[in-house]
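Asker: Please find one structure pasted underneath; my questions will follow.
The values are calculated or read from the model by the stated rules, or taken from the named source; none is laboratory data. Remember, it's a predicted structure, so these values are computed and weren't measured experimentally. Note that we place each Cβ from the backbone using ideal geometry, even for glycine, and neighbour counts take in every protein chain shown.
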Amino acid sequence: MLKGKVALVTGGTRGIGLETVRVFKENHAEVILLGSREETVMKAIDELKKEGHEVSGYYPDLNNYEEIEKTIKDIIDKYGRIDILINNAGISANKKIEDTTSEDFSKIIDINVKAIFNMIKAVVPYMKENNGGVILNTSSMVSIYGQPSGVGYPTSKFAVNGITKSLSRELAPFNIRVNAVAPGVTRTDMIASLPEEQIAPLIKTIPLGRIGEPRDIANAFLFLASDLASYVTGEILSVDGAARS
Ligand code: NAD
């Protein structure tokens, strides 16, 4: 489904991002993954190589625009184009407001929101030059319902939806589609710290009767990145088993 496309995935070293890299490789895209550290980027590249997938990787500071610009230029020099950008890197929060510092709040906005702005700003000129592209952001079901603690996280995901909706309108005349996927609870390191006794009652609230797997989310990215979604833009696609809480 992605033959001839060049895709860039942030937070591609584990969880949803790594699975998205895998699914995109299975669908014949060229993939470049971004991670936060050299060590984790190399580990992911090695793991994928053992599975028969060749990918390259970079580890720019996503809050440093100059570093991102340089990385994007390197990728363009090597691959000639970027067709698909997946903004997936993110961190979560769960502290009550009394225990959340102003710095905690800024950190989550920096990684979950500002980094997406930086990536899109750096990639859009090349997509415009190429007469099109696809930008996909990772939102969350908490961007619709909020959550009972860790206010910075849902706040950041409401902002992701705002970036998605606004830029879908700004970039549509350039044939650049902008969408987001809003996962429900998904089996990655982000929820690994939850004890089984918290997972079981959680599953009871999900009509499909299970938590999501990274592949459920990666498949949604695949659809939105492909030409099958050629008339879909500005959409926040829930992939959550109809969980509504
Ligand atoms: P994860 O913790 O397994 O992966 C997070 C990824 O983000 C990693 O690759 C990590 O390297 C990267 N990252 C984190 N901080 C970074 C930084 N400062 N700089 C660069 N990269 C950084 O989690 P995941 O569940 O795979 O999360 C991926 C996305 O899915 C996130 O945006 C998250 O908010 C969203 N999401 C996850 C769930 C869930 O239940 N797992 C639900 C809804 C949304």
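Asker: Look at Val232 and say whether it is part of a loop (DSSP other than H, G, I, E, B), closer than 24 Å to Ile135 by Cα and either hydrophobic (A, V, I, L, M, F, W, C) or at pLDDT 95 or above (or both). Lay out the reasoning, then the answer.
Answerer: Working: part of a loop (DSSP other than H, G, I, E, B): yes; closer than 24 Å to Ile135 by Cα: yes; either hydrophobic (A, V, I, L, M, F, W, C) or at pLDDT 95 or above (or both): yes.
In short, yes.
Asker: Evaluate the following for Leu237: is it within 20 Å of Ile86 (Cα to Cα), within 15 Å of the ligand (Cβ to nearest atom), assigned to a strand (DSSP E or B) and aliphatic (A, V, I, L, M)?
Answerer: yes
Asker: Give the residue, chosen from Lys128, Lys70, that is within 27 Å of His28 (Cα to Cα), in contact with a helix residue (DSSP H, G or I) (Cβ under 6 Å, 6 or more places away or on another chain) and modelled with pLDDT of 95 or more.
Answerer: Lys128
Asker: Ok, one more. Quick check: anything in the stretch 190-209 out of contact with any helix residue (DSSP H, G or I) (no Cβ under 6 Å at 6 or more places or on another chain), within 12 Å of the ligand (Cβ to nearest atom) and under 23 Å from Glu26 (Cα atoms)?
Answerer: No; the residues of the stretch 190-209 include none that is out of contact with any helix residue (DSSP H, G or I) (no Cβ under 6 Å at 6 or more places or on another chain), within 12 Å of the ligand (Cβ to nearest atom) and under 23 Å from Glu26 (Cα atoms).
Asker: Taking helices (runs of 4 or more DSSP H) that do not extend beyond the stretch 134-228, which have at least 1 residues that are farther than 28 Å from Ser102 by Cβ and among the charged types (D, E, K, R)?
Answerer: 152-171, 196-204, 214-225
Asker: Among the residues of the stretch 39-75, write down those that are assigned to a loop (DSSP other than H, G, I, E, B) and either of a type in the set (D, E, K, R) or more than 11 Å from the ligand (Cβ to nearest atom) (or both).
Answerer: Across the stretch 39-75, the qualifying residues are Glu51, Gly52, His53, Glu54, Val55, Asp61.
Asker: Of (1) within 14 Å of the ligand (Cβ to nearest atom); (2) in contact (Cβ under 8 Å) with a residue 60 or more places away in the chain, Ser106 satisfies all except one. Which?
Answerer: Among (1) within 14 Å of the ligand (Cβ to nearest atom); (2) in contact (Cβ under 8 Å) with a residue 60 or more places away in the chain, Ser106 violates only (2).
Asker: Could you list, in sequence order, the residues of the stretch 24-54 that are among the hydrophobic types (A, V, I, L, M, F, W, C) and either loosely packed, with under 15 Cβ neighbours inside 10 Å or farther than 23 Å from Asn112 by Cα (or both)?
Answerer: Passing the criteria: Ala29, Met42, Ile45, Leu48.
Asker: Quick one: is Ala182 in contact with a Lys or Arg (Cβ under 9 Å, 6 or more places away or on another chain), within 13 Å of the ligand (Cβ to nearest atom) and modelled with pLDDT of 95 or more? Walk me through how you get there before you give the answer.
Answerer: Working: in contact with a Lys or Arg (Cβ under 9 Å, 6 or more places away or on another chain): yes; within 13 Å of the ligand (Cβ to nearest atom): yes; modelled with pLDDT of 95 or more: yes.
When the stated conditions are applied, Ala182 passes them.
Asker: Out of Lys95, Lys78, I need the residue that is in a helix (DSSP H, G or I), among the charged types (D, E, K, R), surrounded by fewer than 19 Cβ atoms within 10 Å (Cβ to Cβ) and free of Cβ contacts under 8 Å to residues at least 60 places away in the same chain. Which one?
Answerer: Sole residue among the options that is in a helix (DSSP H, G or I), among the charged types (D, E, K, R), surrounded by fewer than 19 Cβ atoms within 10 Å (Cβ to Cβ) and free of Cβ contacts under 8 Å to residues at least 60 places away in the same chain: Lys78.
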